[in-house]
1. Is it the case, given these coordinates, that residue 29 is touching a helix residue (DSSP H, G or I) at 6+ places or on another chain (Cβ under 6 Å) and under 23 Å from residue 114 (Cα atoms)?
2. Do we have residue 85 as more than 30 Å from residue 15 (Cβ to Cβ), in contact (Cβ under 8 Å) with a residue 12 or more places away in the chain and either out of contact with any Pro (no Cβ under 7 Å at 6 or more places or on another chain) or surrounded by 14 or more Cβ atoms within 10 Å (Cβ to Cβ) (or both) here?
3. Hey, residue 110 hits all of (1) of a type outside the set (S, T, N, Q); (2) within 23 Å of residue 154 (Cα to Cα); (3) at pLDDT below 95 but one; which does it fall short on?
4. Within region 120-160, restricting attention to residues that are without any contact (Cβ under 8 Å) to a residue 40 or more places away in the chain and of a type in the set (A, V, I, L, M, F, W, C), which residue is most open to solvent (accessible area, probe 1.4 Å)?
5. Could you tell me whether residue 97 is open to solvent by 40 Å² or more (accessible area, probe 1.4 Å) and acidic (Asp, Glu)?
6. Looking at region 100-119, which of its residues are surrounded by 14 or more Cβ atoms within 10 Å (Cβ to Cβ), within 12 Å of residue 50 (Cβ to Cβ) and not charged (D, E, K, R)?
Amino acid sequence: TDLVKIEEIIPSSVLKVKYKGMRANRTAVNALGRMLEDAIADGVSNWQVSSAYRGYADQQALVEDSVAQYRKNNPDWSRNRALSATYKTVAPAGTSEHMTGLAFDITVPGTIFKGTKEQIWLHEHCWDYGFIIRYQEDKESITGYLAECWHIRYVGLPHSITMRDRNLCLEEYLGVV
């Protein structure tokens with residue numbers, strides 16, 4: 001209920017917004033802005049948000065697009081098989097973290113994010129601003145999703161620090177709390 005347009009809060013000198021009008025939770029956007037300003041002060045400055053809040057219809061469209069692509073690339077696959085493959089990387093509509101307004105896909109314009117100085121900085125520092133790397137390689141069997149080095153989720157402080165220090169994903173942390 002507290003969604004704001006990202007470009008109205010974070011200046012374009014700090015963050016490129018891939019799609020004009022993208023929105024997210026106000027508290028999360030403010031934390032993102034502080035984090036990226038500090039990254040720029042550290043000399044890491046080529047940031048883009050490729051996805052933030054998504055409504056139900058947008059999420060369902062992503063699911064359908066993925067299913068169609070799997071079936072195009074694998075003509076012998078049933079819809080159910082394509083849907084099963086889709087759900088390893090795309091959440092069903094109604095369950096995506098993007099629907100909370102607390103999740104961001106952070107990228108570098110025009111390149112693969114993994115291995116960039118931005119990705120390395122983000123993975124080292126996001127925790128200090130209340131964010132977590134949501135889908136990590138060593139937690140795939142727990143989260144049910146393939147690793148996404150670009151997907152961060154705002155959980156707030158001190159939760160992010162506790163999760164980092166204990167090496168817990170969100171599912172594990174919620175089981176502990």
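1. Details: touching a helix residue (DSSP H, G or I) at 6+ places or on another chain (Cβ under 6 Å): yes; under 23 Å from residue 114 (Cα atoms): yes.
Here the answer is yes, as residue 29 does meet what is asked.
2. In short, yes.
3. Here residue 110 clears every test but (2).
4. Among those that are without any contact (Cβ under 8 Å) to a residue 40 or more places away in the chain and of a type in the set (A, V, I, L, M, F, W, C), it is 157.
5. On the way: open to solvent by 40 Å² or more (accessible area, probe 1.4 Å): no; acidic (Asp, Glu): yes.
No, not satisfied.
6. We begin by selecting, within region 100-119, every residue surrounded by 14 or more Cβ atoms within 10 Å (Cβ to Cβ); these are 100-108, 113, 116-119.
Filter once more, so that each one left must be within 12 Å of residue 50 (Cβ to Cβ): 103-108, 113.
Residues satisfying the conditions are 103, 104, 106, 107, 108, 113.
The values are calculated or read from the model by the stated rules, or taken from the named source; none is laboratory data. The structure displayed is predicted, hence computed values, not measured ones. Backbone-built Cβ (ideal geometry, glycine too); neighbour counts: all protein chains shown. Remember, those area values only see protein heavy atoms, side chains included, never the ligands or the DNA or RNA. Shrake-Rupley method; radii C 1.70, N 1.55, O 1.52, S 1.80 Å.
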